[in-house]
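Student: Got a structure for you, written out below as structure tokens; questions coming shortly.
The numbers here are math on the coordinates, done by the rules we state, and not lab data. Note that the structure is predicted; figures quoted are calculated from it, not measured. Cβ placement follows ideal geometry from the backbone for every residue including glycine, while neighbour counts extend to all protein chains displayed.
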Amino acid sequence: GGVLLSPLLKAQAQPKAWEEKTLEPLRTLGSPLSEYGERSPFEAEVVRYISPNLRTRTSGADFTPLERLSGVITPNGLHFERHHGGVPQVDPQSYRLVIHGLVETPLVFTLEELRRFPSVTRTYFIECAGNGQNGYRNPPDPNLTATRSRGLASNASWTGVPLALLLKEAGLRPEARWLIPEGVDAVAYTRSLPLDKAMEDVLVAYAQNGEALRPEQGYPVRLVVPGWEGSIQVKWLRRILVTDLPTMSKDETSEYTDVMADGKLLAFTWIMDPESIITYPSGLQRIQPGFHEIRGLAWSGYGRIRKVEVSFDEGRSWRQADLEPPVERHAFVRFKLPWYWDGREVVLWSRAWDEGGNTQPTREEFFRKWGRNNRYHYNAIQAWRITPDGRVTNGDRPLGGVAQRPAGGCGGEVFDV
Amino acid sequence: GGVLLSPLLKAQAQPKAWEEKTLEPLRTLGSPLSEYGERSPFEAEVVRYISPNLRTRTSGADFTPLERLSGVITPNGLHFERHHGGVPQVDPQSYRLVIHGLVETPLVFTLEELRRFPSVTRTYFIECAGNGQNGYRNPPDPNLTATRSRGLASNASWTGVPLALLLKEAGLRPEARWLIPEGVDAVAYTRSLPLDKAMEDVLVAYAQNGEALRPEQGYPVRLVVPGWEGSIQVKWLRRILVTDLPTMSKDETSEYTDVMADGKLLAFTWIMDPESIITYPSGLQRIQPGFHEIRGLAWSGYGRIRKVEVSFDEGRSWRQADLEPPVERHAFVRFKLPWYWDGREVVLWSRAWDEGGNTQPTREEFFRKWGRNNRYHYNAIQAWRITPDGRVTNGDRPLGGVAQRPAGGCGGEVFDV
Amino acid sequence: ARYHLGTPLTPEQVGQYDLRPAVLPDGRGLPPGQGGVEEGARIYAERCASCHGKSGEGYPFNRLVAEPFPITPETESSQFAIGNYWQYPTTLFDYIRRAMPYGNAGSLSADEVYALVAWLLYQNGITDGSQPMNAQTLPKVAMPARALLQLDPETHKRFPWLKLP
Amino acid sequence: ARYHLGTPLTPEQVGQYDLRPAVLPDGRGLPPGQGGVEEGARIYAERCASCHGKSGEGYPFNRLVAEPFPITPETESSQFAIGNYWQYPTTLFDYIRRAMPYGNAGSLSADEVYALVAWLLYQNGITDGSQPMNAQTLPKVAMPARALLQLDPETHKRFPWLKLP
Ligand code: HEC
Ligand code: HEC
Ligand SMILES: [Ca+2]
Ligand SMILES: [Ca+2]
Ligand SMILES: [Ca+2]
Ligand SMILES: [Ca+2]
Ligand SMILES: [Ca+2]
Ligand SMILES: [Ca+2]
Ligand SMILES: [Co+2]
Ligand SMILES: [Co+2]
């Protein structure tokens, strides 16, 4: 009797070990087979975050709900979106890709032809250069969530043909240096991509996590440019002009050009810096004292993540988190750290290190280099504060200087006026 | 002019380089941001195959459309289904998992508690023991597709808590040898699982490819038993009885018990033998002469795939295919082989080898061991015949003996009477 | 308990949650009560025949009655049923209680399930029908197919301690 | 051509497919034709002002007019626009032809686009408005922000040959 007393007491302290509803499914037959499965209706509120300002926008962005997801694969329905002229609906039968310009033979490909080429499947993150834009706010938004902090990034297994093969098929002229890919959306979105990168690892992708690309990610064909800012990974790809100069398109001059603290503008900041975000516990969640596994995501455009560290004292000391294998190049990595919360106020930091030795700056360090009015490439450490009531809020430190919020840019949260 | 003549002629030979419709999306704004993305309407016919016999069945199976997919991830909406009492709808709030029997302290867990334990994310195939059942047909079905040949297998990134941690939390008594997991579906589905395997790598999974499990795969919680037959990976898991004997449940005696050629019945054939299937070109597809990348999937319950070979002469000689990295343990591997089809009739075979040195038998070899009236664990080499018109049909050789078709078993295609 | 997650249950609570207890081959899990062939036939006709055929011959769902000879490799799989393929008598009680009548499991009393088991064993030619089935008699019934059953050799290699009941 | 996949296109076909040619900083891609500030103002009022404000001050969509001084780190990002942030004059022609008016791109003639470009450059204080814009004059316009533009140092490290036009 004595041995059982304590568990008994604990059982009675709980409102009820289970409910009538717990046993209900045993009583009736379930649903029959179905051709294409849907989520449980109980999961309906796991959705992309669309800023109230942008709900009906055909130029804007929405966020992957990072803290609602497990592992590293972003489900296709929840991959972040960013587009400048809405999501076109493209008929795969009439779809064409043209390669022209400084090539021996301009070529047009049908989707079927693209699929006949040797294929590559790799897991890569795609991240908007505007990811982290809320970090430019000062003072920081106390109600920030992991979604709104870093949800303009997603990770998928992409399948496609190496762009290098298509270019070789057309035959490159010696003067060729640049590619100008163009989308078949309403703004014929264009960017400039150096030929060298294309020959290295760029994919002309037609599948995402096993199935055809989703419309928001470029159905039927997009570029995947591993490790580089999402805006260069042109979607609904209709043609590639091979040329000797970059075009300096609207989206590489009036957007995605960076304002630095020293007054310079930086062009072509393509490689995405290392990044990490603790997804559990994170902003607006509430936790109980006791055991928790701290969980988060890390990635870097420079290659593989080497380690992720977590600090419980704003960077004075660090503990190394576990990385879930396989740790792939230019892909999300899940990090985890077992932790016992004693119920006292604490601030959690995480920082990622990549194989190039790059890591994340503090906010103060970040703004020593990047302009306070820049809108892109924010990758400072995200802090989460846990108060004794278990509530998690943004733990970022306010900066000196004027109050501000980002405007324009990737359009994730604010009007672009 | 002379140099251009031949491409010109080729361009003119084609009906038209592109259509009016090709350019249409440039003319109007696309759709705005959306909270949960859906597939392109043009992909609507990529669905699971449900046998006409089983359309409305709450006990049956449907097939992943393997030849319509890329890479190795099975999209959640297309993961094969197998259930014995329909798909229950389980409310995650009232969901409970109980562990009882030969434990120190019987415990009940809420979903939230399960999610607080240390987590593991791994990519594993799940395969129905009845996969390949159409291979028992004699003569072979000429209209077999890759879907109907091996589509009772899927591959996903599963996240969950190691079952070992839950068992240790409850505390195992020394006599404990077996686990009897039970589902909360209408038939309270049960099986027997040796404790040793549970302590090794079994997951109590709550997420699939990043999001919550899909209802058909056990929402909110299922077992994932790496490399073992799907039927033991109990879905909608409501409790685990820890005991000293297996229960010899209906589904391990009247189903999933194997009839061997020597007249023996085999119990507990849990480990799934190595398997491969060429998905392109495959049954009912049609190809043109010229370059093709032969593509397929391979997997084994014994661990990693070591190599996959392709034969063009019914096994007299073999060429080694490329394996797409990362090659993970107990997971689908994509294999690829560049190939030029000269337009002559040919039969393609593939066979997988795993790290245990196991491989796939020919049909003749398979039936030397397994009974002709068995319904499970068929893993003989699948042959595809390509005729000069480019059509692909089942290239399996008829066996001597009586005509037959499988009945019962996993219910994938036939009435279970 | 290293993580202090999950709530301990009292034996009473475990009993309440254990709605359809697993029956083990040695008879553990079988409830008190009993039932014979005659009641079984009556209940079968009422609750089961619409799905499994008038005499268990099957249709629209599974065949339940077979010859009492174990199957051979030549037996059509559509003929596999209790008499020739099932290896443990306890499975019958366990499965009918947990899953039948399909979609309405839990609606039979222990006596009714025993009666159905008695009738099905008799109908399959395995028992002579003289004995009522209960927690003592049922585990002792010898199933012909049990003689054919062996552990999968790969499973044996991996778990040398493992023995079939 | 190693795979013999894809269909060769004639120069005419390429031309037909090249609906909204990319304009390069050296002026390649610019069409014949021209337009001046006055027509530009008229077309702007008709086709653009509803989205970008009466005088290009923005609302509901992007601000198009700024001071002709390049931005500083203190400039609010809502003030970034052609006059202070755009680095290449050719971008204006390229983008207006390919994307504007939003949702109805392709509806302006080359002359009309030149006129809009002329008006926008004048309105931003970059030109004095006396010269019509065409394939010769446009590439020569000096954008104040160009002086601030540098290649990202990481990009330079990786592609030492790469120079900004
Ligand atoms: C509404 C239809 C229906 C009714 C009524 C029904 N069954 Fe069933 N029965 C099924 C189905 C469907 C299955 C197969 C379930 C599966 O796939 O696992 C089945 C399976 C069985 C099996 C296992 C057969 C085997 O060899 O695998 C037994 C034994 C059984 N039923 C007995 C009964 C008894 C006894 C009753 C009456 C108390 C009954 N059934 C009433 C539909 C029914
Ligand atoms: C129906 C609304 C609408 C109309 C009409 C319209 N625009 Fe726009 N414009 C937009 C939107 C929306 C964007 C931002 C697109 C994006 O997010 O890439 C934009 C962007 C621009 C830009 C780029 C601004 C920057 O700094 O990035 C220029 C230049 C421009 N428009 C010029 C014009 C001109 C010239 C016209 C008339 C011929 C015009 N627009 C008519 C909605 C409109
Ligand atoms: Ca802008
Ligand atoms: Ca970033
Ligand atoms: Ca059966
Ligand atoms: Ca198999
Ligand atoms: Ca047969
Ligand atoms: Ca500001
Ligand atoms: Co940038
Ligand atoms: Co088996």
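Student: Calculate the length of the line joining the C-alpha centroid of segment B:74-125 to that of segment A:179-243, in whole Å.
Tutor: 39 Å
Student: What FRET efficiency do you get for residue C:59 and residue C:128 if R0 is 30 Å and r is their Cβ-Cβ distance, rounded to the nearest 0.05?
Tutor: Efficiency, rounded to the nearest 0.05: 0.65.
Student: Tell me, what does the Kirkwood hydrodynamic radius of the protein assembly as shown come to in angstroms if you use every pair of distinct C-alpha atoms? It would help to have the intermediate numbers written out before the result.
Tutor: On the way: mean 1/r = 0.0310 Å⁻¹.
So the Kirkwood estimate lands at 32.3 Å.
Student: Further question on the same structure: When all alpha-carbon pairs of segment C:1-90 are counted, what percent fall beyond 17 Å?
Tutor: 69 percent
Student: Sticking with this structure for a sec: Working from the pairwise distances between different alpha carbons, so that the mean of 1/r is found and then inverted, what is segment D:30-158's Kirkwood radius in Å? Display every interim value, and only then the final one.
Tutor: Working: mean 1/r = 0.0666 Å⁻¹.
After inverting the pairwise mean of 1/r, the radius is 15.0 Å.
Student: So if R0 is 56 Å, what FRET efficiency would residue B:56 and residue C:161 give, r being the distance between their Cβ atoms, rounded to the nearest 0.05?
Tutor: On the way: r = 44 Å, r/R0 = 0.79.
For R0 = 56 Å, the calculated efficiency reads 0.80.
Student: Of B:298, B:205, B:267, which has the largest mean-square fluctuation in a 10 Å C-alpha GNM of chain B?
Tutor: B:267
Student: Apply the Karplus curve 6.51 cos²θ - 1.76 cosθ + 1.60, θ = phi - 60°, to the phi angles in segment B:189-198 and return the couplings in whole Hz, x for Gly and Pro.
Tutor: Computed from phi, the couplings for segment B:189-198 are 3, 9, 8, 10, 9, x, 4, 3, 5, 4 Hz.
Student: Using a simple spin-label model with points 7 Å from Cα along the Cα→Cβ vector, what separation in nm is obtained for residue D:42 and residue A:319?
Tutor: Taking the simple label geometry, residue D:42 and residue A:319 are separated by 7.3 nm.
Student: Another question, if that's okay. Counting other Cβ atoms within 10 Å of each Cβ, which trypsin sites (Lys or Arg not before Pro) in segment B:318-403 have at most 11 and sit in a DSSP loop?
Tutor: Answer in residue order: B:344.
Student: What is the set of long-range amide H partners of residue A:208 at a cut-off below 5 Å, with H atoms built 1.01 Å from backbone N?
Tutor: HN-HN under 5 Å from residue A:208: A:159, A:213.
Student: Roughly what % of DSSP beta bridges within segment B:275-394 run antiparallel, to the nearest 5?
Tutor: Just about 95 percent of them are antiparallel.
Student: Nm distances between the label at residue A:385 and the same-position labels in the remaining copies, 7 Å along Cα→Cβ, shortest first?
Tutor: Ordered by increasing distance: 7.5 nm.
Student: Moving on to the next point. Give me a comma-separated list of calculated 3J(HN,Hα) values for segment B:332-343, in order, Karplus coefficients 6.51, -1.76, 1.60 applied at θ = phi - 60°, integers in Hz, x for any Gly or Pro.
Tutor: Working through the residues one at a time gives 4, 10, 8, 10, 8, 8, x, 7, 10, 8, 8, x Hz.
Student: Could you tell me how far the Cα centroid of segment C:81-103 sits from the Cα centroid of segment B:17-43, in Å?
Tutor: Rounded to whole Å, the Cα centres lie 54 Å apart.
Student: To continue, here is another question. Copy-to-copy spacing for residue D:76, label 7 Å out on the Cα-to-C-beta vector, in nm, shortest first?
Tutor: 8.4
Student: Binned at 10 Å from 0, what are the whole-percent values of the Cα-Cα distance distribution for segment B:219-333, short to long?
Tutor: Spelled out per bin, shortest first, that is 11, 29, 29, 21, 9, 1, 0.
Student: Would you mind computing the Rg to Rh ratio of segment C:119-165 from its alpha-carbon coordinates, Kirkwood style for Rh? Please list the in-between numbers first.
Tutor: Values: Rg = 15.0 Å, Rh = 13.0 Å.
My calculation of the ratio gives 1.15.
Student: Give me the inter-chain shielding for D:100-109: mean count of other chain Cβ atoms within 10 Å, whole number please.
Tutor: The shielding value for this peptide is 4.
Student: In segment A:176-197, which residues have a backbone nitrogen under 20 Å from the label point lying 7 Å from residue B:21's Cα in the Cα-to-Cβ direction?
Tutor: It comes to A:184-186, nothing else.
Student: Normalised by the residues of chain A, what does the relative contact order come to in percent, with Cα pairs under 8 Å and at least six apart? Each step should come with its number before you reach the end.
Tutor: On the way: 987 pairs, mean separation 75.0, N = 417.
Here the relative contact order equals 18 percent.
Student: Next up: Rounded to the nearest 500, what is the 222 nm mean residue ellipticity of chain C from helices alone, with -39500 (n - 2.57) per DSSP H run of 4+ residues and division by all residues?
Tutor: For chain C, the value works out to -9500 deg cm²/dmol.
Student: A further question on this structure: Pairs A:369/D:54; B:336/D:157; A:264/D:163; B:235/C:163; B:197/B:336: which exceed 28 Å Cα-Cα?
Tutor: Violating the 28 Å Cα-Cα cut-off are A:369/D:54; B:336/D:157; B:197/B:336.
Student: Going 7 Å from the Cα of residue B:45 toward and past its Cβ, which residues in segment B:274-293 have a backbone nitrogen under 20 Å from where you end up?
Tutor: Residues B:279-288 fall inside that zone.
Student: Are there trypsin sites (Lys or Arg not before Pro) in segment C:43-111 that DSSP puts in a loop and that have at most 11 other Cβ atoms within 10 Å, and which ones?
Tutor: C:54
Student: Points 7 angstrom from Cα along the Cβ direction at residue B:112 and residue B:264: gap in nanometres?
Tutor: Placing both labels 7 Å along Cα→Cβ, they lie 5.2 nm apart.
Student: Averaged over C:52-63, how many beta carbons belonging to a partner chain fall within 10 Å of each residue's beta carbon?
Tutor: That average works out to 2.
Student: Identify which of B:233, B:288, B:217 has the largest mean-square fluctuation in a Gaussian network model of chain B, with springs joining Cα atoms closer than 10 Å.
Tutor: So, out of B:233, B:288, B:217, the one fluctuating most is B:288.
Student: Another one. Quick one: with label points 7 Å out along Cα→Cβ, list the inter-copy distances for residue A:322 in nm, shortest first?
Tutor: 3.4
Student: Would you mind ranking C:88, A:189 by Cβ crowding within 10 Å, fewest neighbours first?
Tutor: Going from sparsest to densest Cβ surroundings: A:189, C:88.
Student: For residue A:93 and residue A:385 in the same chain, what is the full-extension length gain: residue separation times 0.36 nm, less their Cα-Cα distance, in nm? Could you put the intermediate results ahead of the total?
Tutor: Values: separation 292, 0.36 × 292 = 105.12 nm, distance 5.23 nm.
Working it through step by step, the gained length comes to 99.9 nm.
Student: Another one. Based on the Cβ-Cβ distance from residue C:4 to residue C:28, what FRET efficiency comes out when R0 is 35 Å, to the nearest 0.05?
Tutor: Approximately 0.65, to the nearest 0.05.
Student: Would you mind counting up the charge near residue A:262? Only other residues with Cβ under 13 Å from its Cβ, with Lys and Arg at +1 and Asp and Glu at -1.
Tutor: Numbers: positive: A:264, A:368, A:369, A:372; negative: A:258, D:74.
Residues close to residue A:262 contribute a combined charge of +2.
Student: Take every residue in peptide C:20-26, count the Cβ atoms of other chains within 10 Å of its Cβ, and give the average of those counts.
Tutor: Numbers: counts 5, 4, 15, 4, 10, 4, 2.
Per-residue shielding by partner chains comes out at 6.
Student: While we're here: Using the Karplus equation 6.51 cos²θ - 1.76 cosθ + 1.60 (θ = phi - 60°), what ³J(HN,Hα) coupling, rounded to whole Hz, does each residue of segment D:103-114 give in order, writing x for Gly and Pro?
Tutor: Whole-Hz 3J(HN,Hα) from phi for segment D:103-114: x, 9, 4, x, 8, 9, 7, 4, 4, 4, 5, 4.
Student: What are the radius of gyration and Dmax of chain B, computed over its Cα atoms and given in Å?
Tutor: Gyration radius and largest Cα-Cα distance of chain B: 23.6, 88 Å.
Student: Using every Cα-Cα pair within segment B:273-374, state what percent have a distance larger than 20 Å.
Tutor: Distances greater than 20 Å cover 41 percent of the Cα pairs.
Student: May I ask for the distance between the Cα centers of segment D:9-68 and segment A:369-393, given as a whole number of Å?
Tutor: If you average the Cα positions of each part, the centres end up 39 Å apart.
Student: Given the rotation relating A and B, tell me which residue in A puts its Cβ closest to the axis and the distance in Å.
Tutor: A:326, 2
Student: From the C-alpha gyration tensor of segment A:321-365, pull out the three semi-axes of the equivalent ellipsoid (sqrt of 5λ each), sorted largest to smallest, in whole Å. Present the calculation step by step, with values, prior to reporting the outcome.
Tutor: Numbers: eigenvalues 115, 63, 8 Å².
Semi-axes (√(5λ), whole Å): 24, 18, 6.
Student: Could you check which residue among B:328, B:364, B:24 shows the biggest mean-square fluctuation in a GNM of chain B with a 10 Å Cα cutoff?
Tutor: B:24
Student: May I ask for the angle, rounded to the nearest 10°, between helix A:2-13 and the longest principal axis of chain A, with both axes built from Cα atoms and the value confined to 0 to 90°?
Tutor: Tilt of helix A:2-13: around 60 degrees.
Student: Can you give the helix-only mean residue ellipticity at 222 nm for chain A, where every DSSP H stretch with n ≥ 4 adds -39500 (n - 2.57) and the sum goes over all residues, rounded to the nearest 500 deg cm²/dmol?
Tutor: Mean residue ellipticity, 222 nm, calculated: -3000 deg cm²/dmol.
Student: For the protein assembly as shown, give me the percentage of DSSP beta bridges that are antiparallel, rounded to the nearest 5 percent.
Tutor: 90 percent
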